[in-house]
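J.: Quick one: the structure is below, and I'll ask about it shortly.
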Amino acid sequence: MKKMIFVYDTLVDNFGSDSKHKWHFVDNHAKIANLIKNFINFATIEQFRNFRSEFYRDREDLLNLCKRTLEEAAKNIRNKYELSTQAPEDIKKAIWLLSSLRQINVIYGESEEAEKNKTVIDALRQRFEQEEKKKDGKRGKKRKGARGGREEERGGREGQKKGKGRKRGGKRRAKGGWAGGSEW
C-alpha cells in the first residue's frame, strides 16, 4: 500500500501542480483511498489491537495510512469542487469519503475525530442541498419558456412524431441505394 501511494505521489509531483491532468489526479486519489479502505479487514485489526501482539505496528501503520488517504482525498475533492468544477457529484464524493473515515473513527472509539468529521459532513450536505435547490430553480425557469411549461410535461422526444426530425445512418449514393449495403 505504501508503495502504491509513493508511486502515485511521485507521478503527481512529476506532472507538476499546473498540469492539465491536475483534477484527474484528484479523482484517482479518491479511488486509491477507497481501494485502501476496502483492502483492510477492520475486524482483524480491532482483534489484534493489543500492542503486544505480532505485527501490531504494521497494522497501526496501515490503519493510519487509510485514515490519512481518506482525509487527503476528501480535502482534495472539496478543493476541486471549489476551484474548478462546482459539480454536486464532487460534494457527494467528499461526503462519502468523510463518512467512511467517520465510520473508522467510530469503530476505534475516536470520538473527537468522529465529531469533527460529522460537522464537516453536515456542512457539505447543506452545501449540496443548496446546489440542488439552485439547480432545480434554474431548470424550472428554463423549461417554462414561451410555451407555458409544456416542454416539462412532454419530456424530450416523447412529443415528437415518429420519422420527423430523425436522421438515418449511412451515406446516400447519388443515384439511390445505400453506399454501405444492398438495396431494400
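The values are calculated or read from the model by the stated rules, or taken from the named source; none is laboratory data. For clarity, every value in this text was computed on a predicted model and none was experimentally measured. Cβ coordinates were reconstructed from backbone atoms using ideal geometry, including for glycine residues, and neighbour counts include every protein chain displayed.
J.: Kindly check whether there is at least one residue in the range 51-67 that is buried (at least 18 other Cβ atoms within 10 Å of the Cβ), in contact (Cβ under 8 Å) with a residue 12 or more places away in the chain and closer than 30 Å to Lys135 by Cα.
T.: Looking for residues that are buried (at least 18 other Cβ atoms within 10 Å of the Cβ), in contact (Cβ under 8 Å) with a residue 12 or more places away in the chain and closer than 30 Å to Lys135 by Cα, one finds none in the range 51-67, hence no.
J.: In the range 8-26, is there at least one residue being under 18 Å from Arg78 (Cα atoms) and modelled with pLDDT of 85 or more?
T.: No, because not a single residue in the range 8-26 is under 18 Å from Arg78 (Cα atoms) and modelled with pLDDT of 85 or more.
J.: Only residues that are assigned to a helix (DSSP H, G or I) and not hydrophobic (A, V, I, L, M, F, W, C): list them for the range 48-71, please.
T.: Those that are assigned to a helix (DSSP H, G or I) and not hydrophobic (A, V, I, L, M, F, W, C): Tyr56, Arg57, Asp58, Arg59, Glu60, Asp61, Asn64, Lys67, Arg68, Thr69, Glu71.
J.: Something else about it: If only one of Ala30, Ala74 is touching a residue at least 60 places away in the same chain (Cβ under 8 Å), closer than 14 Å to Ser100 by Cα, assigned to a helix (DSSP H, G or I) and touching a helix residue (DSSP H, G or I) at 6+ places or on another chain (Cβ under 8 Å), which one is it?
T.: Just one listed residue meets the conditions, Ala30.
J.: Report, by residue number, each residue of the range 32-50 that is within 27 Å of Ala87 (Cα to Cα) and surrounded by 12 or more Cβ atoms within 10 Å (Cβ to Cβ). Full working, then the answer.
T.: Kept after step one, since they are within 27 Å of Ala87 (Cα to Cα), are these residues of the range 32-50: 32-38.
Passing the criteria: Ile32, Ala33, Asn34, Leu35, Ile36, Lys37.
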